Amino acid sequence: MKRLAVFASGSGSNYEAIAQACADGRIKASVALLVCDKPGAYVLERAKRFGVETLVFNPKAYARKADYEREIADRMDELGIDLVCLAGYMRIVGEELLSRYKGRIINIHPSLLPSFKGAHAVEDAVAYGVKVFGITIHWVDETLDGGKIIAQRAFEYEGGDPDEVHAIGHKIEHQLYIETINKLLDESVS
Ligand code: GAR
C-alpha cells in the first residue's frame, strides 16, 4: 500500500477529502502523515478525527527553512512516503525537501495556471473580471505555483463573488485531487 503525506496550513478540506477517499478505498493508499506549519489550524482537528500522525511546526522557531524541512524529510523517510500532496500549504518548498523528494511533490492551486499565481488567486481573478475559472494540479519546483501542470479543470462563473468561486472550486478540487493522486499512483509516481 502506497503512503501519502499531506501538507496543509489552514482549514484542510482537501486534506479531509483525500483522507476520506483513502479510508473508504477510493484512493489505494493511506495518509501516513499530515504536515502543518500553523499550530492552531483547523486541519489538525480533522487529522485527529482520522487518527493520522501530525507533524506540526512553527517556522519562526527555526533559523533556516532547511532546518525544519530536514526534520520533515527525515520523518517522511522513516514512514516511507511515496507521494507528497500540498493542500493549501502556503509556503514555498525549499531545496532540502525538493532535492530529497524530487518528482514526488504535487500541489493544488485555485486558478488555471499560469494565470493568477499566489495566495489570493481567486480574489485576483474575480477582480480581473475573469469568467472562466479553474483548478490546477502541478508538480512542485522551486518557483511559486510554477511546476509542470498535471491536471486542470475549468468552470464558468459570472457572478463576481469570490466566496461562490471558492465554494464551486473546492468541490472540483476534492474530486480532481483524488483522481490525480490515483492516476499518479497507478503510474507509480513519475
Ligand atoms: C485550496 O483552495 C487550495 O487550492 C489553495 O488553498 C486552499 C486550501 O483549502 N492553495 C493555494 O492557494 C496554493 N497557492 P483547504 O484548506 O480547504 O484544503
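Every number here is computed from the coordinates shown, using simple stated rules; none is lab data. The structure presented is a predicted model; accordingly, all values stated were derived computationally and were not measured. Neighbour counts are summed over all protein chains in view; Cβ atoms, including those assigned to glycine, are modelled from backbone coordinates with ideal geometry.
Just a few scattered comments:
- Considering helices alone, the calculated mean residue ellipticity of the chain at 222 nm is -12000 deg cm²/dmol, with DSSP H runs of length four and up weighted by -39500 (n - 2.57) and normalised per residue.
- Whole-Hz couplings from phi, Karplus 6.51/-1.76/1.60, listed for region 157-171; x for Gly and Pro: 7, 10, x, x, 10, x, 4, 5, 4, 4, 5, 5, x, 4, 4
- Shape of region 21-83, Cα gyration tensor, a/c cut at 1.5: oblate
- Gyration tensor verdict on region 50-138 (Cα atoms; rounded if a/c is under 1.5, prolate if a/b is larger than b/c, oblate otherwise): prolate
- For His166 and Asp141, a Förster radius of 35 Å and the Cβ-Cβ distance give a FRET efficiency of 0.85, rounded to the nearest 0.05.
- The chain: translational diffusion in µm²/s, Stokes-Einstein, Kirkwood Rh over Cα pairs, 20 °C, 1.002 mPa s: 128
- Were the residues from Arg64 through Ser30 laid out at 0.36 nm apart, the gain over their Cα-Cα distance would be 9.2 nm.
- Highest mean packing first, where packing is the average number of other Cβ atoms within 10 Å per residue, the peptides 48-58, 105-115 line up as 105-115, 48-58.
- Cα gyration tensor category, rounded, prolate or oblate, for region 134-187 with a/c compared to 1.5: oblate
- Alpha-carbon centroid distance for the pair region 1-56 / region 89-105, whole angstrom: 18
- Highest-first packing order for the peptide set 62-75, 31-44, 131-144 is 31-44, 131-144, 62-75, based on the mean count of other beta carbon atoms within 10 Å.
- Extreme residue, positive dipole direction of the chain, given options Thr143, Tyr157, Phe57 (C-beta unit charges): Phe57
- Label zone at Met1, where the point sits 7 Å out along the Cα-to-Cβ direction: region 82-100 residues whose backbone N lies under 17 Å: 82-83
- Nitroxide proxy distance, nm - points 7 Å out along Cα→Cβ at Phe155 and Ser11: 1.3
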